[in-house]
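Here the structure is laid out as structure tokens; the discussion comes afterwards.
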Amino acid sequence: MPVGQVAARPGGGGVGGMVLGGGAAAAAAAVGGDDAVVMQLAAAEGEETVITVNCPDQAGLGCDLCRTILEFGLRITRGDVSTDGHWCFVVFWVVPRSSSIKIRWASLKNRLMSMCPSSYSIPFYPDISQPGPSKFYLLKLLSPDRKGLLHVRFADVTHVLSDLELLIHRVKVSTTPDGRVVDLFFITDGMELLHTKERQEETCSTLMAALGPSISCEVLSAEGFQQGFSSLPPKIAEELFRVELAGSEICSSSLSAELKRVQTATINFDNSLSPAHTLVQIICADQKGLIYDILRTMKDCNIQIFYGRFRSDKKGSVNKGCREVDLFVKQVDGKKVIDPEKQEALQSRLRSEMLHPLRVMIVSRGPDTELLVANPVELSGKGRPRVFYDATLALKALGICIFSAEIGRQAALERQWEVYRFLLDDSKEFPLANSPTNRNRVVDRVRKTLMGCYN
């Protein structure tokens, strides 16, 4: 297939939904107009929305697009990516991961548009720069319930904040002299509009609509907030970050038998099909964020993707429940990946990132119980989206209360990790302190939710 062209929609036929961006021509073809991003919304629930991106290329753009799509609660069912190193043409077919997720399509389009370079002379792989710091805000929720929002409706709060593109960094609980509970959320705004009165009012009104009129809400500037984070004890850190790969199987005591059965991957290299590119063929069990994990690994390993196709298994396929990915790639020096040692290193890195992108464990913290969730940070400094939301959703499903939570970063295995620490409230209904069975249930439920088994 020539560079710059993308295959017609699999299965043929058009999509009858509304088009965001483009104009009359875009309504007919889902591509066109002056916008770099065009969306053709699904005509009915369960059908796919088509997202087309047509703009100058830059380092890691495909990874950033997939990360944002994942952040908005969408699943990429299939996709085509093509570039000549200066201009890229990308088509994603997406569906919401859950019917309960309300997708802010206009906001998603604006976010994707902001990622597209406006210059026509973009070096293909410039130095990856660190993102600028975001401004912190303090969201204060006052609850008449002595247990507080963290104990009762924390997952609902994180759901609302996620839909509003507000990112939680730390949560604290305090009690007023009259016995009411104040829940403090230190947050940043993905839209960078929380300094405006309109954005603050939208945030509070949405929260109060979801939580009830008895909740009072206030947004304040968190000037001077220090995102301090106490490092994990060495022994706990070693266990959390340790992972051993044997063949195509993950060998980790923290994985359930069910997850071990599905955690397999096949990665092959073929240098015979193209005189200029190496074909990397991947077959892996489908899970949440898989395409993002593949593309961020390629980005961090300085592997350039010139053409790619993602697809799910078809009915009757021998690879049922798997995702098939074909990528035509080059090294950053423009050469094919021929060296067996380089192939082995890339294969090992891909397998590790695809099969074990998150680490989950429970530890004792004095008399208390703490849930730890960790994910690798991109070289660009970006962490994985929706981890906080998915972890709290899993805990809510088990009826486990959260006393406090914080997010920080820690170096391990020659890279940075984002670590989520949840201090859990023990209860008679679901004891954790002296129950290995219940602890394993928590780890399994959180891991499966993070990997997309429930949403």
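The values are calculated or read from the model by the stated rules, or taken from the named source; none is laboratory data. This is a predicted model, so every value here is computed, not measured. Neighbour counts are summed over all protein chains in view; Cβ atoms, including those assigned to glycine, are modelled from backbone coordinates with ideal geometry. Keep in mind that these areas ignore ligands, DNA and RNA; they rest on the heavy atoms of the full protein, side chains included. Shrake-Rupley method; radii C 1.70, N 1.55, O 1.52, S 1.80 Å.
For region 173-200, what are the residues that are under 25 Å from C401 (Cα atoms), of a type outside the set (A, V, I, L, M) and open to solvent by 20 Å² or more (accessible area, probe 1.4 Å)?
Step one: list which residues in region 173-200 are under 25 Å from C401 (Cα atoms), which gives 173-188.
After this cut, where a residue has to be of a type outside the set (A, V, I, L, M) as well, the list is 174-180, 183, 185-186, 188.
S174, T175, T176, P177, D178, R180, F186 - these are the residues of region 173-200 that are under 25 Å from C401 (Cα atoms), of a type outside the set (A, V, I, L, M) and open to solvent by 20 Å² or more (accessible area, probe 1.4 Å).
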Next on the checklist: Can you say whether T203 is β-branched (V, I, T), open to solvent by less than 50 Å² (accessible area, probe 1.4 Å) and at pLDDT 55 or above, as far as the supplied structure shows?
Outcome noted: yes
Checklist outcome for this item: Matching residues in region 209-249 (in a strand (DSSP E or B), at pLDDT 85 or above and of a type outside the set (G, A, S)) number 4
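Considering each of R365, R384, R351, R439 in turn, give the residue that is within 20 Å of I236 (Cα to Cα) and buried (at least 20 other Cβ atoms within 10 Å of the Cβ).
Details: R365 fails: buried (at least 20 other Cβ atoms within 10 Å of the Cβ); R384 fails: within 20 Å of I236 (Cα to Cα); R351 fails: within 20 Å of I236 (Cα to Cα).
Result: R439 is the single residue among R365, R384, R351, R439 that is within 20 Å of I236 (Cα to Cα) and buried (at least 20 other Cβ atoms within 10 Å of the Cβ).
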Item to check | Close pairs from region 80-98: first touching a residue at least 40 places away in the same chain (Cβ under 8 Å) and more than 14 Å from F328 (Cα to Cα), partner open to solvent by 30 Å² or more (accessible area, probe 1.4 Å) and in a strand (DSSP E or B), Cβ under 7 Å, at least 6 apart | outcome: F89/N54; W93/R78; V94/R75; V95/R75; R97/R75
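Hey, among V337, V332, V360, V373, which residue is at pLDDT 90 or above, closer than 22 Å to G62 by Cα and open to solvent by less than 10 Å² (accessible area, probe 1.4 Å)? Reasoning before the result, please.
On the way: V332 fails: open to solvent by less than 10 Å² (accessible area, probe 1.4 Å); V360 fails: closer than 22 Å to G62 by Cα; V373 fails: closer than 22 Å to G62 by Cα.
None of the other options fit; the residue is V337.
Each row is one residue, and each column tells you yes or no for (1) of a type in the set (A, V, I, L, M); (2) closer than 29 Å to D64 by Cα; (3) not in a loop (DSSP other than H, G, I, E, B).
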| site | (1), (2), (3) |
| --- | --- |
| V360 | yes, yes, yes |
| V363 | yes, no, yes |
| G383 | no, yes, no |
| D390 | no, yes, yes |
| A394 | yes, yes, yes |
Item to check | Flag if C88 is at pLDDT 85 or above, assigned to a helix (DSSP H, G or I), within 14 Å of I305 (Cβ to Cβ) and of a type outside the set (F, W, Y) | outcome: no
Checklist entry - So, in region 415-436, of the ones that are without any contact (Cβ under 8 Å) to a residue 40 or more places away in the chain and within 18 Å of S404 (Cα to Cα), which residue ends up most open to solvent (accessible area, probe 1.4 Å)? => result P431
Checklist entry - So which residues in region 81-97 are closer than 15 Å to M113 by Cα, buried (at least 23 other Cβ atoms within 10 Å of the Cβ) and among the β-branched types (V, I, T)? => result V90
